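Here the structure comes first, spelled out in structure tokens, and everything after it is commentary.
Please treat every number below as a calculation from the coordinates, not as lab data. These numbers were taken from a predicted model, which means no experiment stands behind them. Note that we place each Cβ from the backbone using ideal geometry, even for glycine, and neighbour counts take in every protein chain shown.
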Amino acid sequence: MIGLNRKDALLFITVTVLVILAPFILNPFPEGTAMAQMFNAGYPDLMQRFVIFGILVIGFNILFGLTGYLSFGHAAFLGIGSYSAVWMFKLLSYNVVPAIILAIVVSGIASLIIGYIALRRTGIYFSILTLALAQMCFNLAYSVLGNPQKGINLTNGETGLQVYTSDPQYLMGENAPELPHLFGLVMRDSLELEIGSWAFTLNAGYYLCGVIMLATFYLSIRIFRSPFGLMLRAVKSNQQRLSYTGLNTRPYTLCAFVVSGMYAGLAGGLLSSMDPLAGAERMHWTASGEIVIMAILGGAGTLIGPILGSGFIEYFKNILSKINDNLLHQWLSFLPDGLEDALVWVLHFFVGKGWHLTLGILFMLVVIFLPGGLVELGKRTGGLFDRFRNAAEGSGKERNQSPRKAAE
Amino acid sequence: MGILEVKGVNKRFGGLRALADVNLTVAENSLHAIIGPNGAGKSTLLNCLVGKLVPDTGSVMFDGQSVLGQTPHEINQMGISRVFQTPEIFADLTVRENVMIPCFAKRDGTFRMRAIRKVDAEAEINEMAEKILVDVNMQDRIDHHAGSLSRGDKRRLEIAMCLVQRPRLLLLDEPTAGMARADTNRTIDLLKEIHANRDITVAIIEHDMHVVFSLAERITVLAQGSPLVEDTPDNIKGHPKVREAYLGEAH
């Protein structure tokens, strides 16, 4: 079915349905209620981040999940993609198509260079090399290539690259929109739906990113099931045996690195297409770290893990950073005053700007108790249900446990 | 002239002379064993043959071509397969996938990017993999994780991975080390069967005399980095120099 085996096709269709219905699923509470303010996540800005970071981590997973090479510099490609896209807006027009294409091409070239250097080493040394090279890119973007006084100004330094009215925009049409658009369809445009007291926003930009994410997800499934994917898994399993089997591991890992770098560039291009602004902070090493955390939290080496991981982190980042001391006081008002203040004082460090702390703890818990990430959590709960069902049937016989394939 | 010609090979590790002027000829389609006490240089010699080590001097010719300076994957593509002392397999992959990888290497060379085509759709490769697993009697384990196999099965899988490439020379490094007697005997039978039914030259490094004398057609005894004698098993058995090397009477 659609070029996938039954199980993969089912997974792909499920993700497709979720992407289409996300504006509804993420807005479960009626407009204006306290719950809606807190937990509704169906607004364009956040939904765009869900799918764009989904693309980023799906690509990262092709490298890290399949080959086991842990890159600590993938944010560099995200940044390079962002800058490339904004340059297309400055030079050509606000159409997102050339912007996205250039983002992919430039990040592909950058990842070829960085990958060629970093892949001379394996393990921790590879990670350190990618980290160092990405920090170099960050510094280039932040100061060296962003200095208006020196004549070279590719990135506009700490202000960030943006489009000015004085920019040439050679291909700009007469009545073309002054915002990023896809052949006239403005990315910020939304269709507002009000059903009873519920409000839903169907955003053009979100759906463009969603369609692109589905395409990249499909491609990643095909790569996982291809001979190329098999070789990448073999690299992770036993490089020595692979080279004594007559296969050259370097081009395989380099291809994986470039493909995942291009995924990151695409994500960067889309970020700029949603909001035509690119800053160096996108390339900072903490951003690279976040990508790694998303991949591991979701379940590295699995198909759906990257989407779960990026969605989970973006969602909780959003909620936790919204909570402040006033809200905490409100929630805990049922407690005696002293206890309330004490508890708020403690929780204060975990919410708002301190959401990193909560995320860090969650990450540690997952790594310690669920090394397979959220996917493993799903599998274990599934296994629990199976056991209950077996017990209920009273068969007592062991089920035929078909051996699991490595890249499930 | 043999399929493998080693001439005047020397290898030093610092002050240690691991290989001293080794000359060795392995005849085509023979089953040749290299034996010797611990530290005789057996494994160093093997590593020089497969590109893991480069000898200081001397030449190693395989079928008229030099293997020196070639990488392990290039040497494999020339037709030399190696079985390791501890089985080197893809433990995270299934048995089927383990044997498919060498099939791809044989067909597609050292690198080919096929990222869209499905592994399941590669009928010819799947067939080759299934057939070789029948040959080594592992067809019932085809969907098992390779890492979950017993030691003996891992060894058989590794041999299958080498055989499916139809190498011209199969090198085995103590293939029965750490195996139970029953597994050892099964491996001996498998190697005998391979040698009888396929045009493969087999060179084996072995410690276990039982294995050597039940398999080899020719034996080279290595001691302190250089070949002591080379002869048929019957002549080796009673050879005074060999007893000397193993029991350490002289020197």
### Query
What angle do you read, to the nearest 10 degrees and between 0 and 90, between the alpha-carbon axis of helix B:95-108 and the longest principal axis of chain B?
80 degrees
### Query
What residues have an amide H closer than 5 Å to that of A:L119, excluding those fewer than 5 places away on the same chain, when H is modeled at 1.01 Å from N in the peptide plane?
none
### Summary
A correct Kirkwood calculation over the Cα atoms of region B:116-251 returns a hydrodynamic radius in Å of 17.1 Å
### Query
Once amide H atoms are built 1.01 Å from N in the peptide plane, which residues 5 or more positions from B:L172, or in another chain, come under 5 Å H to H?
B:V83, B:A203, B:I204, B:I205
### Query
Taking only Cα atoms, what is the 0 to 90° angle, nearest 10, from helix B:123-135's long axis to the longest principal axis of chain B?
50 degrees
### Summary
Convex hull around the C-alpha positions of region A:128-221: the volume in Å³ per residue is 228 Å³
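Among B:I116, A:I55, B:I3, rank each residue by its count of other Cβ atoms within 10 Å, from fewest to most, as a rough exposure measure.
B:I116, B:I3, A:I55
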### Task
For chain B, compute Rh as the Kirkwood radius over C-alpha pairs and then the Stokes-Einstein diffusion coefficient at 4 °C and 1.567 mPa s; write the answer in µm²/s, rounded to an integer.
68 µm²/s
### Query
How long are the semi-axes of the ellipsoid equivalent to region A:6-283, from square roots of 5 times the Cα gyration tensor eigenvalues, in whole Å, largest first?
33, 27, 16
### Task
Sorted from largest down, give the three principal axis spans of the alpha carbons of region B:88-166, whole angstrom values.
34, 24, 21
### Summary
Set B:K7/B:K237; B:K52/B:K237; A:K7/A:K317; A:K7/B:K118; B:K42/B:K241; A:K317/A:K379, cut-off 22 Å on Cα-Cα distance; pairs above it are B:K7/B:K237; B:K52/B:K237; A:K7/A:K317; A:K317/A:K379
### Query
Which of B:T57, A:T249, B:T110, B:T71 comes first, and how do the rest follow, when ranked by fewest Cβ neighbours within 10 Å?
B:T57, B:T71, B:T110, A:T249
### Query
Tell me, A:R121, A:R241 in order of fewest to most beta-carbon neighbours within 10 Å?
A:R121, A:R241
### Query
Tell me, how many Å apart are the Cα centres for region A:322-371 and for region A:85-107?
41 Å
#### Entry: Amide H partners (placed H, <5 Å) of B:T71, local residues excluded
none
### Task
List, in order, the whole-Hz ³J(HN,Hα) value for each residue of region B:109-120 obtained from phi through the Karplus relation with A = 6.51, B = -1.76, C = 1.60 and θ = phi - 60°; use x for Gly and Pro.
x, 5, 7, 7, 8, 10, 9, 9, 4, 8, 4, 4
### Message
Whole-Hz ³J(HN,Hα) for each residue in region B:211-219, computed from phi via Karplus 6.51 cos²θ - 1.76 cosθ + 1.60 with θ = phi - 60°, x for glycine and proline: what do you get?
### Response
5, 4, 6, 8, 10, 5, 8, 9, 10
### Query
Which percent, nearest 5, of DSSP beta bridges in chain B are antiparallel?
55 percent
### Task
For the protein assembly as shown, just run the numbers: alpha carbon Rg, then divide by 2.2 N^0.38 Å, N being how many residues it has.
1.19
### Message
How high is the relative contact order of region A:43-167? Use alpha-carbon pairs under 8 Å, at least six apart in sequence, and give a whole percent.
### Response
24 percent
### Computed [θ] at 222 nm, deg cm²/dmol, chain A (DSSP H ≥ 4; -39,500 (n - 2.57); rounded to nearest 500)
-21000 deg cm²/dmol
### Volume per residue that the Cα convex hull of region A:183-279 spans, once the total is divided by residue count, Å³
162 Å³
### Pairwise Cα inverse-distance average, inverted: Kirkwood Rh of region B:19-154 (Å)
17.5 Å
### Query
Using the alpha carbon gyration tensor of region A:1-104, what are the three equivalent-ellipsoid semi-axes (square root of 5 times each eigenvalue), largest first, in whole Å?
28, 24, 16
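What is the antiparallel percent of DSSP beta bridges lying wholly in chain A, to the nearest 5? Write down the numbers at each step before the final one.
On the way: 11 of 12 bridges.
Antiparallel bridges make up about 90 percent of those DSSP assigns within chain A.
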